[in-house]
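Structure first, then comments.
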Amino acid sequence: MLLDLYELLAMKICSVGVACSKRKDQCISKLLTLSFRWSWLKRSGSLNASSGRCFSYAKPQTDVRPSRIALDLQDPKFITVQAKNPALDFASCDPEHLSPATCKVANLVGGVWTYDPASHCIIVDPLTGKPMMSVADVKPHETAPFVAALRACPKYGLHNPLRRVERYRTYGDVCAAAAAALGEPVVARFFARLIQRVSPKSYQQAMGEVTVTRAFLHNFSGDQVRFLARSFGTPGDHLGQSTQGYRWPYGPVAIITPFNFPLEIPALQLLGALFMGNKPLLKVDQKVSVVMEQFLRLLLRCGMPPDDAAFMHCSGAVAHSLLLEARPRNTVFTGSSRVADILARDLHGRIKVEGAGFDWKIVGPMQHELRSAAAAAAAAAA
């Protein structure tokens, strides 16, 4: 059966090689790549080699919640395998089959996922215009649990260099486990395809966000979170006197991120806040917040304490009123300069802004100048 499969793959590659005029060694390289991935699928138990069919799938041995994932073998459109996989036990949706009935994006507050059917909004599929998912939508009178969650965090944070120092290593272990999970092909593809469903990106661009996030998690695995909080000391000018400096948390903080990087921006900013002992309230653009919801579920599966962060879906106006009421000690905002100006004024400067900068980005000739130059060049050629 394997010989038959390899023959089919060879025919496929050879046809691609003829159509694209590729060299023979390139076709052989693709054949070896596909053969290796076939062997990986066979070892992982995703394919059943004893059934007499080249593309029959074995039932998993463990009892896990169904999660259909499209797994590619070279090109996302070439061959797809839909199978249950224990590596995706954290997932609560399927990026290949999204609907408001099967994908309900929830809030996280007090360590509990909450979803109120009476307060939600429908996100439509940008490709078809049909309803794609149901996202929780916190109203102004429903912000009390989130305000209480921020106020419950003291200004010395959930941990600091003098208190609960074991939590630095806890987050090092969480990073190691999450990096290993994102290293699984099915998990990486799950997030890449989910990003594609809500953001206009190619498969390579979406996978780039996953790769950057995985590298970040690798960099802060083990003791690296603890080393990140390294302090400094300065000898004094008289006997018995010295100066000691610590990297101290803010305590309750807020993070607001836009739509253009559904995973990379909120994940890196959230983890940086958690590393140093802050308690962040995360608000992502509702159109893409499902990606970060699934990433938070992955972090919880990897050992993150569930009450360390709050995750909220709401409009910009509700988030603004919540910030004014909760008064976090710092806010990280990524978005437009107009909103950044409003928040900087209303929060009295307690904000870190990654704004859009100037309205202009590229300096060059005007369109009428380009048309004139093109016309002159055409006339000279004639």
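The values are calculated or read from the model by the stated rules, or taken from the named source; none is laboratory data. Because the structure is predicted, anything quoted here is derived from the model rather than measured. Positions of Cβ are generated from backbone atoms using ideal geometry, with glycine treated the same way; all protein chains shown enter the neighbour counts. For accessibility, only protein heavy atoms count, side chains too; no ligands or nucleic acids. Shrake-Rupley method; radii C 1.70, N 1.55, O 1.52, S 1.80 Å.
Among the residues of segment 306-328 satisfying the criterion of being farther than 18 Å from Leu296 by Cβ, of a type outside the set (S, T, N, Q) and under 25 Å from the mean Cα position of the chain (by Cα), which is most open to solvent (accessible area, probe 1.4 Å)?
The residue in question is Ala317.
Under the condition of being in a helix (DSSP H, G or I) and among the small types (Gly, Ala, Ser), which residue from segment 156-181 is most open to solvent (accessible area, probe 1.4 Å)?
Ala180
For residues that are surrounded by 14 or more Cβ atoms within 10 Å (Cβ to Cβ) and either touching a Pro at 6+ places or on another chain (Cβ under 7 Å) or aliphatic (A, V, I, L, M) (or both), tally how many sit in segment 117-150.
Final tally of qualifying residues: 11.
Report, by residue number, each residue of segment 329-358 that is open to solvent by 50 Å² or more (accessible area, probe 1.4 Å), in a loop (DSSP other than H, G, I, E, B) and either within 20 Å of Lys139 (Cβ to Cβ) or in contact with a strand residue (DSSP E or B) (Cβ under 8 Å, 6 or more places away or on another chain) (or both).
The answer is Arg329, Arg350.
Only one of (1) surrounded by fewer than 18 Cβ atoms within 10 Å (Cβ to Cβ); (2) modelled with pLDDT of 95 or more is not met by Asn107, so which one is it?
(1)
Taking interchain pairs and intrachain pairs at least six residues apart, which have beta carbon atoms under 8 angstrom, with the first residue in segment 171-182 and closer than 10 Å to Phe275 by Cβ and the second charged (D, E, K, R) and assigned to a helix (DSSP H, G or I)?
Gly172/Arg226
Please go through (1) aromatic (Phe, Trp, Tyr); (2) out of contact with any Lys or Arg (no Cβ under 6 Å at 6 or more places or on another chain); (3) under 29 Å from Asn330 (Cβ atoms) for Phe190 and return the number of the only condition it doesn't satisfy.
The number of the failed condition is (3).
Is it true that Ala229 is closer than 20 Å to Leu300 by Cβ and either in contact with a Pro (Cβ under 8 Å, 6 or more places away or on another chain) or among the aliphatic types (A, V, I, L, M) (or both)?
The answer is no for Ala229.
Would you please list the contacts, defined by Cβ atoms under 6 Å and residues six or more apart or on different chains, that run from a residue in segment 247-260 that is in contact (Cβ under 8 Å) with a residue 60 or more places away in the chain and farther than 16 Å from Val147 by Cβ to a residue that is hydrophobic (A, V, I, L, M, F, W, C) and surrounded by fewer than 19 Cβ atoms within 10 Å (Cβ to Cβ)?
Arg247/Ala229
Just wondering, is there one or more residues in segment 172-181 that are more than 25 Å from Ala229 (Cα to Cα) and out of contact with any Lys or Arg (no Cβ under 6 Å at 6 or more places or on another chain)?
Yes, some residue in segment 172-181 is more than 25 Å from Ala229 (Cα to Cα) and out of contact with any Lys or Arg (no Cβ under 6 Å at 6 or more places or on another chain).
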